[in-house]
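A short worksheet on the structure shown next.
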2 protein chains.
Amino acid sequence: MEDNGYRKRKKLRQNGVVRPLLTDLYQITMAYAYWKSGKKKDHAVFDLFFRQNPFQGEFTIFAGLEECLKFLENFHYSESDIVYLRETLPSTIESEFFDYLKNLTAKDVTVHAIEEGSVVFPRVPLLRVQGPLIIVQLLETTLLTLINFASLMATNAARYRIAAGKQVSLLEFGLRRAQGPDGGLSASRYAYVGGFDGTSNVLAGKLFNIPVRGTHAHSYITSFTGTHDLHTKMLAHRVTGEEHDMLELCQQWRKELAKHLETLTEEASDGELAALIAFAIAFPDGFMVLVDTYDVKSGSDVKSNGGPTKFHGSRNSEPHMHWPLQRSGLLNFCAVAMALNNLGYKALGIRIDSGDLAYLSNKARETFQLVSEKYDLPWFAKLTIVASNDINEETILSLNEQGHKIDCFGIGTHLVTCQRQPALGCVYKMVEINGQPRIKLSQEVAKVTMPGCKSAYRLFGANGHALIDLLQRSVENPPQVGEKVLCRHPFEESKRAYVIPTRVEELFKVYWENGKICQTLPTLEGIRDRVQTSLKTLRQDHKRNLNPTPYKVAVSDELYNFIHDLWLQNAPIGELF
Amino acid sequence: MEDNGYRKRKKLRQNGVVRPLLTDLYQITMAYAYWKSGKKKDHAVFDLFFRQNPFQGEFTIFAGLEECLKFLENFHYSESDIVYLRETLPSTIESEFFDYLKNLTAKDVTVHAIEEGSVVFPRVPLLRVQGPLIIVQLLETTLLTLINFASLMATNAARYRIAAGKQVSLLEFGLRRAQGPDGGLSASRYAYVGGFDGTSNVLAGKLFNIPVRGTHAHSYITSFTGTHDLHTKMLAHRVTGEEHDMLELCQQWRKELAKHLETLTEEASDGELAALIAFAIAFPDGFMVLVDTYDVKSGSDVKSNGGPTKFHGSRNSEPHMHWPLQRSGLLNFCAVAMALNNLGYKALGIRIDSGDLAYLSNKARETFQLVSEKYDLPWFAKLTIVASNDINEETILSLNEQGHKIDCFGIGTHLVTCQRQPALGCVYKMVEINGQPRIKLSQEVAKVTMPGCKSAYRLFGANGHALIDLLQRSVENPPQVGEKVLCRHPFEESKRAYVIPTRVEELFKVYWENGKICQTLPTLEGIRDRVQTSLKTLRQDHKRNLNPTPYKVAVSDELYNFIHDLWLQNAPIGELF
């Protein structure tokens, strides 16, 4: 199944968009200037990293590696690409350059990377890309494009997962608000990687083998104006196969239940009942429906109110509020669910898409419990309650605080657009050329780059938690378990500490060498699992939403001195400070 | 050229992503419930509209229509789609339904739409989609996906264009921060539509025939450590063809110019000079380079400071600041530009990617003017100054206020992620089913839908400005030029006004009927022009950044009464208000 999904994905991308021309023009302009000035044999090392965790958090999930590797695998300018470049670049460009481009592949490039799905931190390279300067430079934009959004999405999803806890299901519903078609596909894919359980996006399901979920919209309910719209009323018993009139059965149940639910049958919408019956007949084993279309009985859809935020504070006004769920949707739902039960089917649950989600979910749960006890159907008390409607991380935290009975959140806009921070700022910086380390200085210390070819280690403590990430020069010996390691702040001289690791994880593996992917790539499920196991090694205080503790990234003493020697060598002696 | 671009685009999309499965699963679930309950012949009308202009503005640019029409043209479930759906949907689904899906096309659908590139307003439908309920419902998510981001991007770009004015060039540089590969392509396409002049995204250039622009990155400069890295020094005179030693020439010029620019030659970086010479030799007619890599002379790249915002307020501190431009980049640039001039080439200009952009652009312009006068080269005073570095709409407005000499902005992250509001909230609502109008009521009046099939008109005043948009029932006669038209607020009874239009524009045209696109579609250029002509009809106060005046959308008296009669019919008589 995964192989199949992978082949399809590969086909899509090859025919589709991840091609070497998906880059900034200046990469090609630079390539020509390098080529022309005899720098074809220059060798460079670039680090791809970010400087700040997104969402005011203190961790990031690294994602997009597989797509980068596939891009390298397929890196090749097509005939029509060359034609386009010839037309577009200045006519003074020598024709041999296009021959050079035509034969260019990524075979001389070596890529070290952190495992996809790992929790990662600022300044630790996610990718170290080495090889001929021209090709390594040509890869920049596409690698950034493939990693920036993937990692941002996976991080966002992982944050929602942390906020919601492990018991609650999370579904991604964002396609319609994403950055166009493939923005939506990427969002679905990396939301799943980050810890979501499924998506509404059918194509993402097909391409990436992600579970897809969905029932119906409010318009479905309102397209039924009354029970006369119900052209099919019969449903066969699950076991006996005997046909029953669902309308009759549901109407009986509605009458019966109205008493217990303290509602008048006349307050419930007949159009809604018809819609629910039609849905139950279509999906007798998958009866999961919206219950908030009608406020009270009427032929129209009176949505009771707006987003949940507005009502989050209003749960104390309960005695004076008449919520739609009880009067129409919930009564109709219970009636159809009980009728289905008579015919051997178990309903799945409800979705609430408006109103005070904490209050409404509690109310719905109470109703389910009441019916459960009344008719001795234990499963009825545990029907699934799905909530949607403009939910974000803060909504979930607020609902948790208030207490709710929601089993599943459907999340769209805020998830897929990463509204709180719609871009991760990964950069791609040269750290070495022709064996010479390069340092990029800046008046903003945070923007100073770490020169040279580096290795990265994660040091763990006795309790299994990650203590610190350590960058070293590649020529140094790795830190050893049980031995004292001096960890230094990269820029503040006096900030130093000894750490004795119980476990040391080398963060970089070589993923691309000699024109081949040289690691077995995990499935999407595998990456998704990696996210959770990797997050588990992170102390809770690094992961919390409010004022999380920064996780530390240190440099070895040797790297510290290397950086600062280079810094002094390169920085001018300025005016009096 | 356009035909070619169109064919390529079509191919990409067909092989790529805009397929009927790019939808929410619930659309297919609903389709089955409709199909199963005998609603195959039901006929529905849906409106696609938004409720609020983005970016706290008072206008929106409608974009994405062509992509919607192509989607309709190609709407067809493939064999493998059907296989996937069979595997994914409950096994209880009747096999005939899949046969039904297999043969489904959009041929019975009719789409009316506003012209792509038009300025549009809340509640006026952008699309009116009519046809069999099942297919019309199945189109929802994909149409929203194609219009939401396209319109958001085009609007964002148009706002940047308004902020920057007509004289300044705008380039989109956002690929690396977009929502993945196709998010980036959509961003480039609709930034161009909204009024940008070009993009750095080469694939977008190739696919959509958009001008591409770009020179080099800072890493290009730092990859040259000194003049010894210059393997080729010779450049032929543009006219005579005689070869000259550029290094020698540039070094002479640098010495000469250093006096006039009050800089010491030793303060300029030799690595930078080598990089610029190599670039000039590669692109003698396209010499446009970064000048802010080095703070002062040194072998390293000392970026002088961070983003422009930090320094926006610091222009008064000028006497004490030594800006990199003067000391290294600007001196080196002028030296190479003058050498090029000796060989018959005119340099294009510089890019500044850091620091106080207002101050630096003024400083650079002064320098160019000085050189221009000194050597009697009028064109030198007019060299292009490009500014980039985290620019957004507010940065441009602030730079305008301070006074700057920038000719071109390169804009990335803020443009393509629409940071200030990363999603436009278009919705798709049923307004009629089987000839019966449907109204969606809500306690939030803004969420009440306008029932029934409607026409939309834009009424213009004598000065050519748009006065108001008017929605009518489709059965009404259109408003007439020179005749009094009663325009009513859709929900507030007392808000009414007579308007006598000088011109009336019918906003909807039928774009899709009988399985065919039935309008000649404009080129991307055509849509881009439409944006500007359409915006020109909008009064300035609707377009301004700060506290813009809302443009009014009214309903006819007949539609007003129609809405309110339906409302009263459908709303319950509640408790005391």
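Miscellaneous remarks
- Span from the the stretch A:124-202 Cα centroid across to the the stretch B:137-196 one, whole angstrom: 20 Å
- In chain B, the longest principal axis of the Cα atoms and the axis of helix B:180-194 are about 90 degrees apart.
- Using a 7 Å Cα-to-Cβ projection, A:Lys484 label spacings across copies, nm, ascending: 9.6
- Rounded to the nearest 10 degrees, the angle from helix B:79-88 to the longest Cα principal axis of chain B is 70 degrees.
- Approximating the spin labels as points 7 Å out from Cα along Cα→Cβ, the A:Leu397-to-A:Val510 distance works out to 4.4 nm.
- Dividing the mean sequence gap of close Cα pairs (under 8 Å, 6+ apart) by how many residues chain B holds gives a relative contact order of 18 percent.
- Rounded percent of accessible protein surface that carbon and sulfur make up, chain A, 1.4 Å probe: 48 percent
- Computed FRET value (nearest 0.05) for B:Glu492 with B:Gln569, which takes r as the C-beta separation and R₀ as 25 Å: 0.80
- Total charge dipole magnitude, the stretch A:436-577, about the Cα centre, Cβ charges on Lys, Arg, Asp, Glu only, Debye to nearest 20: 460 debye
- With 18 Å as the limit on Cα-Cα distance, the pairs of A:Lys36/A:Lys102; B:Lys39/B:Lys447; A:Lys102/B:Lys233; B:Lys259/B:Lys382; A:Lys255/A:Lys374; A:Lys429/A:Lys454 that go past it are B:Lys39/B:Lys447; A:Lys102/B:Lys233; B:Lys259/B:Lys382.
- Accessible area per residue in Å² at 1.4 Å probe, computed on the stretch B:496-577: 61 Å²
- Loop-exposed trypsin sites (Lys or Arg not before Pro) per DSSP, neighbour cap 11 Cβ within 10 angstrom, longest uninterrupted part of chain A: A:167-483
- Under-5 Å amide H pairs with A:Arg503, H placed in peptide plane, nonlocal only: A:Phe460
- In this assembly of identical copies, the label point of B:Ser80 (Cα plus 7 Å along Cα-to-Cβ) is separated from its counterparts by 1.9 nm, sorted shortest first.
- Positive-end residue, the protein assembly as shown charge dipole about Cα centroid, Cβ charges, pick of B:Thr29, A:Trp567, B:Leu144: B:Thr29
- The stretch B:253-296 versus the stretch A:253-276: alpha-carbon centroid distance in Å: 81 Å
- Number of partner chain Cβ atoms within 10 Å, mean per residue of B:423-436: 3
- Annotation: aspartates and glutamates with alpha-carbon distance below 19 angstrom to A:Lys405 (same-chain offsets under eight excluded): A:Asp197, A:Asp292, A:Glu318, A:Asp353, A:Asp356, A:Glu366, A:Glu373, A:Asp390, A:Glu393, A:Glu394.
- Over all projection directions, the Cα-based convex hull of the stretch A:124-177 averages an area of 5.7 nm².
- The three principal axes of the Cα atoms in the protein assembly as shown give end-to-end lengths of 98, 84, 53 Å, sorted in falling order.
- Peptide A:201-214 is shielded by partner chain Cβ atoms: per residue, an average of 6 of them sit within 10 Å of its Cβ.
- Residue by residue, the stretch A:478-488 carries 3J(HN,Hα) couplings of x, x, 10, 4, x, 10, 4, 10, 7, 10, 10 Hz when phi is fed to the Karplus relation 6.51 cos²θ - 1.76 cosθ + 1.60 (θ = phi - 60°); x denotes Gly or Pro.
- Its relative contact order, with pairs defined as Cα atoms under 8 Å and 6+ residues apart, puts the stretch A:411-452 at 28 percent.
- Magnitude of the charge dipole for the stretch B:486-544, about its Cα centre and with charges confined to Cβ atoms of Lys, Arg (+1) and Asp, Glu (-1), is about 220 debye.
- Cα Rg, Dmax (largest Cα-Cα span) when computed across chain A, Å: 29.1, 94
- Summed buried accessible area for A+B [probe radius 1.4 Å, Å², rounded to 100]: 10200 Å²
- Other copies of A:Gln436: label-to-label distances in nm, shortest first, labels 7 Å along the beta-carbon direction: 8.1
- Under 5 Å, built H, 5+ apart or other chain: amide partners of B:Ile352: B:Val386, B:Ala387, B:Ser388
- Its Cα centre serving as origin, chain A has a Cβ charge dipole (Lys and Arg +1, Asp and Glu -1) of approximately 960 debye.
- Fraction of beta bridges assigned by DSSP in the protein assembly as shown that are antiparallel (%, nearest 5): 65 percent
- Looking at the stretch A:210-282, the accessible area is 41 square angstrom per residue; that uses a 1.4 Å probe and ignores ligands, DNA and RNA.
- Relative to the dominant Cα principal axis of chain B, helix B:25-36 is inclined by about 20°.
- The stretch B:106-219, relative contact order [Cα under 8 Å, separation at least 6], %: 20 percent
- With at most 12 other Cβ atoms within 10 Å, longest stretch of chain A clear of loop GluC sites (Glu not before Pro) (DSSP): A:263-482
- Peptide B:229-239 has a mean of 2 when you count, residue by residue, the C-beta atoms of other protein chains within 10 Å of its C-beta.
- Simple rule: put +1 on each Lys or Arg Cβ and -1 on each Asp or Glu Cβ in chain A, find the dipole, and look at A:Ile277, A:Phe75, A:Gln443; the Cα lying farthest toward the positive end is A:Gln443.
- Taking a straight line from the alpha carbon of A:Lys516, these aspartates and glutamates sit under 12 Å away, with near neighbours fewer than eight places off in the same chain left out: A:Glu73, A:Asp108.
- Farthest positive-ward along the protein assembly as shown dipole, Cα basis, beta-carbon charges - from B:Cys334, B:Val18, A:Tyr375: B:Val18
The values are calculated or read from the model by the stated rules, or taken from the named source; none is laboratory data. What you see is a predicted model; the values in this text were computed from it and never measured. A quick note on method: Cβ atoms are made from the backbone with ideal geometry, for glycine too, and the neighbour counts reach across all protein chains shown. Side chains are part of the model used for accessible areas, which takes the heavy atoms of the whole protein and leaves out ligands, DNA and RNA. Shrake-Rupley method; radii C 1.70, N 1.55, O 1.52, S 1.80 Å.
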